[in-house]
Amino acid sequence: MSKPPKIFILNGPNLGRLDLRDSSIYGTMNFAQLAEFIEAEATKVGLEVEVRQSDSEVELISWLHEAADAKFPVIFNPAAFTHYSYAIRDAAAMLTAPLIEVHLSNPLAREEFRHTSVISGVAHGTIAGFGPDSYRLALLAMKELL
Ligand code: DQA
């Protein structure tokens, strides 16, 4: 069997300051620890990942373009952009390999503005509400898809 492609793990605004956010919602890991956790879980299931985070819509879009051109699958936590960025949705719609949306928290159990995801409609599926384990579960799901 051929080697699965590298997976981009993209993370949106404010996730780089995870440890400074509400710990009752986001836990206590900082972003570097989250990235380490994701990399370790990926190694366990034999997947190669590249973890990135940006607060910039422009940069996230350019990474989605990069993934589309390279045919890389994407596991994506668009953070607050989830709820309103049509530009990110349009870029995500152009991906050429599977996209899985992830969230640490369960947005549907939170404020009403978080109940809409403009990304879900172009994702293969969404995993939300399991903290860092959302990424681990997404890696398992991605492994099945590839
Ligand atoms: C989040 C949920 C979003 O509503 C929020 O804006 C975030 C993080 C999550 O991982 O739970 O920044 O995507």
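All of the numbers you see were taken from the coordinates with simple rules; none came from a lab. Because the structure is a prediction, the values reported are computed rather than measured. Positions of Cβ are backbone-derived with ideal geometry, glycine not excepted, and every protein chain shown enters the neighbour counts.
For the chain, relative contact order (Cα pairs under 8 Å, six or more residues apart, normalised by length) works out to 26 percent. For the chain, the tally of Lys pairs with Cα-Cα distances below 12 Å comes to 4, considering only residues 8 or more apart or on different chains. Close amide H partners of Ile127, meaning residues 5 or more places away or on another chain with modelled amide H under 5 Å apart, are Glu101, Val102, His103.
Per-residue Cβ neighbour counts within 10 Å put Ser54, Ser134, Ser2 in the sequence Ser2, Ser54, Ser134, beginning with the fewest.
Dipole check for the chain: with +1 at the C-beta of Lys and Arg, -1 at the C-beta of Asp and Glu, and the Cα centre as origin, the magnitude is about 280 Debye. Remark on the stretch 7-145: ratio of C-alpha radius of gyration to 2.2 N^0.38 Å is 0.95. Each residue in Val102, Val51 was given a count of other beta-carbon atoms within 10 angstrom of its own, and listing them fewest first yields Val51, Val102. Sparse packing (at most 14 other Cβ atoms within 10 Å of the Cβ) combined with a DSSP loop state is found for the following GluC sites (Glu not before Pro) in the stretch 53-141: Glu111.
As a rough footprinting exposure proxy, the listed residues Met94, Met29 were ranked by other beta carbons within 10 Å of their own, and the order from fewest upward is Met94, Met29.
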